[in-house]
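The values are calculated or read from the model by the stated rules, or taken from the named source; none is laboratory data. Predicted model only: the values in this text are computed from it and were never measured. FYI the Cβ positions are ideal-geometry reconstructions off the backbone, even for glycines, and counts take in every protein chain you see.
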């Protein structure tokens, strides 16, 4: 592995760390690498690598936004509807499975998220429960 590749691996470790100052450290390391490897070929390798890193960050942000959106959308009703009932009767799964999806928990090394079909099924479940509640009339 070349020295440039080693430096880029260090850069990637900085990017994936839990350090709250990682963006500052990331930019500092990018500047250092740019100074150490001034050739056009190295510059292209560095630029491609940095672009890939920023795309990964963007994807992670999109995922977090999606997770927060699902959680926020059901926040108003989660106190009075049974997630266990929804999980069992609409998905054939456990309450834990549904909670993992709602909260984006790490399962098998990846954040758990709703597929498009699962989102449609969740929407159907919430709509169905809404109709059932709305049709109740006590006489």
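Numerical summary
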{"quantity": "Residue 58, sole failed condition from (1) at pLDDT 85 or above; (2) part of a helix (DSSP H, G or I)", "calculated": "(1)"}
{"quantity": "Restricting the stretch 18-40 to residues that are at pLDDT 85 or above and in a loop (DSSP other than H, G, I, E, B), the residue that is surrounded by the most Cβ atoms within 10 Å (Cβ to Cβ)", "calculated": "37"}
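Every residue, every condition in (1) more than 25 Å from residue 125 (Cβ to Cβ); (2) at pLDDT below 80, yes or no:
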position	(1), (2)
4	yes, no
15	yes, yes
45	yes, no
87	no, no
91	no, no
101	no, no
113	no, no
